[in-house]
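One structure is given here, and the rest of the page talks about it.
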Amino acid sequence: MDFISVQNVTFQYDEQGESGKNKLVLDDVSFGVKKGEFVAVLGHNGSGKSTIAKHLNAMLIPLSGKVYIDGMDTSDESLTFDIRRRVGLVLQNPDNQLVASVVEEDVAFGPENIGIPSDEIRERVDEALKAVDMYDHRLKAPYKLSGGQKQRVAIAGIIAMKPDCIVLDEPTAMLDPQGREEVLSTVLKLNKENGITIVLITHYMEEAVLAEKVYVMDSGKMLTSGTPREVFSQVELMKKHRLDVPQATELCHKLRACGVEIKELPLTEEECTAMLREVMTP
Ligand code: ADP
């Protein structure tokens with residue numbers, strides 16, 4: 001059984017303006033995420049990615065269709081508390097997520113709210129801060145941290161709740177390249193070493209390449225899905241929907257169109273370099 005099961009979900013906001021009336025923000029969206037899996041959700045602004053994210057921890061409930069989290073139906077209000085403990089949501093702007101004036105107090109906020117005993121909170125906070133490599137900053141004021149560090153503290157706040165899954169809604173969109181790198185390597189580590197299921201919503205192709213599976217949204221519909229290699233090899237489809245592919249893939253796709261013999265399109269710079277070396281070696 002999938003840990004997350006999204007089945008034929010449609011959704012519309014009540015407060016959609018005149019122009020958006022009758023337009024489904026999610027239109028028959030289905031997908032599944034296995035326990036321990038790392039998936040990426042890609043798509044333009046406005047394609048419905050954040051709306052999906054909010055369905056995964058019962059902040060939004062489908063108009064029709066179902067979302068199950070480890071078998072729990074998100075439309076059953078008696079399960080909301082459990083679902084939110086199992087699936088943590090990290091948002092784009094770290095400043096909106098940090099509430100306390102000291103890092104470790106911030107991380108303790110979630111577990112305190114759900115009534116965890118104080119000696120266990122201490123343990124959870126230390127463990128969470130170590131997992132995101134922010135333990136040495138535990139007594140600092142959040143405003144003194146870089147964007148990447150703040151986002152890692154926000155992630156620690158979620159980890160301290162001991163979730164099975166973390167959904168990250170464009171967590172690197174407001175960060176500089178170093179901050180992006182820090183957050184991404186933290187996310188990868190949480191997935192590989194701690195077995196936390198990850199749903200990463202992003203518009204960076206280079207981030208999507210790191211996932212085991214990629215889902216591509218377009219105008220509220222699921223356009224395509226598969227491994228990064230399966231998805232990004234469909235260069236024409238992605239272009240038709242004004243979506244990018246990784247730079248390395250695009251370069252080799254163009255070279256192939258010029259007659260260069262490239263068997264399989266690369267996803268990363270390293271793969272691209274290796275492929276070009278092979279092609280150019282007489
Ligand atoms: P994405 O995350 O891919 O940028 P969203 O899920 O945020 O997409 O938005 C999908 C559509 O829903 C957009 O057309 C957006 O304008 C609309 N939308 C998002 N939030 C609201 C809201 N609270 N009220 C009304 N419309 C909304």
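The values are calculated or read from the model by the stated rules, or taken from the named source; none is laboratory data. Just so it is clear, the structure is predicted and the values come from calculations on it, not from any experiment. All Cβ positions, even for glycine, are placed from backbone atoms using ideal geometry, and neighbour counts span all protein chains on display. The area values use the complete protein model at the heavy-atom level, side chains included, leaving out ligands, DNA and RNA. Shrake-Rupley method; radii C 1.70, N 1.55, O 1.52, S 1.80 Å.
Can you compute the equivalent ellipsoid semi-axes for region 89-161, i.e. the square root of 5 times each eigenvalue of the Cα gyration tensor, sorted largest first and rounded to whole Å? Numbers along the way, then the final one.
Values: eigenvalues 63, 32, 22 Å².
Working from the Cα gyration tensor, I get semi-axes of 18, 13, 10 Å.
A 1.4 Å probe run over the chain, with the rest of the protein chains in place, finds 50 Å² accessible per residue.
Give me the compactness ratio for region 34-98, meaning the Cα radius of gyration over 2.2 N^0.38 Å.
Working: Rg = 12.7 Å, N = 65, 2.2 N^0.38 = 10.7 Å.
Normalised by 2.2 N^0.38 Å, the Cα Rg of region 34-98 equals 1.18.
Against the chain, whose longest principal axis is taken from its Cα atoms, helix 147-159 shows a tilt of about 60°.
Write down the Å³ per residue value for the convex hull defined by the alpha carbon atoms of region 1-69.
83
Region 237-282: Rg/Rh from Cα coordinates, Kirkwood Rh?
On the way: Rg = 11.0 Å, Rh = 11.0 Å.
When Rh is taken as the Kirkwood radius, the ratio is 1.00.
Please give the FRET efficiency for residue 144 paired with residue 82, using the beta carbon to beta carbon distance and R0 = 35 Å, rounded to the nearest 0.05.
Values: r = 36 Å, r/R0 = 1.02.
Taking R0 as 35 Å, the efficiency between residue 144 and residue 82 is 0.45.
For the chain, a simple Cβ point-charge model (Lys and Arg +1, Asp and Glu -1, everything else neutral) yields a dipole of about 420 debye relative to the Cα centre. Here the translational diffusion coefficient of the chain follows from Stokes-Einstein with Rh set to the Kirkwood radius across Cα pairs; for 37 °C and 0.692 mPa s it amounts to 164 µm²/s.
Run the numbers on the chain and let me know its relative contact order in percent, using alpha-carbon pairs under 8 Å that are six or more apart. Don't jump to the answer; show the numbers that get you there.
Values: 517 pairs, mean separation 60.0, N = 282.
Once divided by the residue count of the chain, the mean separation gives 21 percent.
Note on region 176-282: Rg/Rh from Cα positions, Kirkwood definition for Rh, rounded to two decimals, is 1.01.
What FRET efficiency comes out for the pair residue 239/residue 8, r = Cβ-Cβ distance, R0 = 25 Å, nearest 0.05?
Values: r = 28 Å, r/R0 = 1.13.
The computed FRET efficiency comes out at 0.30.
Convert 20 °C to kelvin, take the viscosity as 1.002 mPa s, use the Kirkwood radius over C-alpha pairs of region 1-122 as Rh, and evaluate the Stokes-Einstein diffusion coefficient in µm²/s, rounded to a whole number. My calculation gives 131 µm²/s for D.
Tell me, what are the semi-axes, in whole angstrom and largest first, of the equivalent ellipsoid of region 105-211 as set by the roots of 5 times the Cα gyration tensor eigenvalues? Don't skip to the end; give the middle numbers.
Numbers: eigenvalues 108, 52, 24 Å².
Largest first, region 105-211 gives 23, 16, 11 Å.
For region 52-145, with all protein chains present and a 1.4 Å probe, just round the carbon and sulfur fraction of the accessible area to a whole percent. C and S atoms contribute 46 percent here.
Among the listed pairs 192/213; 49/144; 213/240; 35/66; 34/66, which have their C-alpha atoms separated by more than 23 angstrom in this model? Don't jump to the answer; show the numbers that get you there.
On the way: 192/213 15 Å; 49/144 31 Å; 213/240 21 Å; 35/66 18 Å; 34/66 17 Å.
As for pairs spanning more than 23 Å Cα to Cα, those are 49/144.
Listed by chain and number, the lysines whose alpha-carbon sits under 16 Å from that of residue 150, ignoring those within fewer than 8 places in the same chain, are 130, 140.
Length gained on full extension, residue 133 to residue 219, computed as 0.36 nm times the residue gap minus the Cα-Cα distance: 27.2 nm. Calculate how steeply helix 247-257 sits against the longest principal axis of the alpha-carbon atoms of the chain, using the helix alpha-carbon long axis, and give the answer as 0 to 90 degrees to the nearest 10. The angle comes out near 20 degrees. For the chain, the longest principal axis of the Cα atoms and the long axis of helix 103-113 meet at an angle of about 70 degrees. Where does the charge balance sit around residue 200 when Lys and Arg score +1, Asp and Glu -1, over other residues with C-beta under 10 Å from its C-beta? Once positives and negatives cancel, what remains is -3.
Taking the helices alone, the chain has a mean residue ellipticity at 222 nm of -11500 deg cm²/dmol, built from -39,500 (n - 2.57) per DSSP H run of at least 4 residues and averaged over all its residues.
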